Amino acid sequence: MEEILDIVLRSVYISGVASFLAFLVGFFLVLKAVDLRFKEFILSVFEALIGVPTTVIGLLIYLLIFPRGPLGTLNLLYTPYAIILGEFLVALPVVFSTLYRPVENALKDLRELVISLGGNIEETTWLILRELLPSLVSSFLMGFSRAIGELGVALIVGGNIAGSTRVLTTTIALMTSMGEYETAVLLGLTLVSLVLIISIALKLMGELRWK
């Protein structure tokens, strides 16, 4: 039981950090992209990147951080940091793609309106963020769900090491390969329940804050 709790907490920590970083970077990139002339092309690229298999992302990161790779001296391979990096790249296209239209519409509709009514930059920013809050929460949740549910990155660059890099998805794969189907199903239900609980909690918090 303690081992399962440890795996659950590690999964939440790794995916939470990765998706939060992806959210911050994705939001920043969206703010920069909406004013560019080739913004639709950028959006198309990020939407296409959502479909890249996580095993491919894991392989690319492995080639970067394995001992003889360009970043091999950092000793990131088979550490939680390697999984965070991989899940960051997995979640980033999701965050960008889901945030782009809401941010674009909010900036288009509200920025000129607030300024025309005599509002300053601080008031404009606050109003835009207030209107975007439900979209921001939804985007983060989608990035988190994508990150915590992936297997390829965690397996390739994490190595499924007990007590270090073993997360829910790699444990499910291990239990299935060992024929421990009941444990695998239990962990699968735990993963689904975990995502649902966090999603509902953040949604409710966002709605209360928005009101």
Identify, please: which residue in the stretch 118-132 is surrounded by 15 or more Cβ atoms within 10 Å (Cβ to Cβ) and part of a helix (DSSP H, G or I) and is, among those, modelled with the lowest pLDDT? THR124
I'm told LEU77 meets every condition in (1) surrounded by 16 or more Cβ atoms within 10 Å (Cβ to Cβ); (2) part of a helix (DSSP H, G or I); (3) touching a residue at least 12 places away in the same chain (Cβ under 8 Å) except one. Can you identify the failing condition by its number? (2)
Pairs only if they're at least six apart or on different chains, beta carbon under 7 angstrom, first in the stretch 48-60 and under 13 Å from LEU92 (Cβ atoms) and touching a residue at least 24 places away in the same chain (Cβ under 8 Å), second among the β-branched types (Val, Ile, Thr) and part of a helix (DSSP H, G or I); list them, first residue then second. ILE50/VAL94; THR54/VAL90; THR54/VAL153; ILE57/VAL90; ILE57/VAL153
For the stretch 135-154, the count of residues that are closer than 15 Å to ILE83 by Cα and aromatic (Phe, Trp, Tyr) equals 1
Taking the conditions exactly as written (modelled with pLDDT of 90 or more, out of contact with any Cys (no Cβ under 6 Å at 6 or more places or on another chain) and not in a helix (DSSP H, G or I)), does ILE161 satisfy them or not? yes
Suppose we filter PRO67, PRO53 for residues that are in contact with a Gly (Cβ under 8 Å, 6 or more places away or on another chain) and either surrounded by fewer than 17 Cβ atoms within 10 Å (Cβ to Cβ) or closer than 23 Å to ALA162 by Cα (or both); which single one remains? PRO53
Among (1) surrounded by 13 or more Cβ atoms within 10 Å (Cβ to Cβ); (2) of a type outside the set (S, T, N, Q); (3) within 18 Å of ILE83 (Cβ to Cβ) - the single one VAL30 does not satisfy: (3)
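The values are calculated or read from the model by the stated rules, or taken from the named source; none is laboratory data. Remember, predicted model here, so these are calculated numbers, not experimental data. Heads up, the Cβs are rebuilt from the backbone with ideal geometry, glycines too, and the neighbour counts pull from every protein chain shown.
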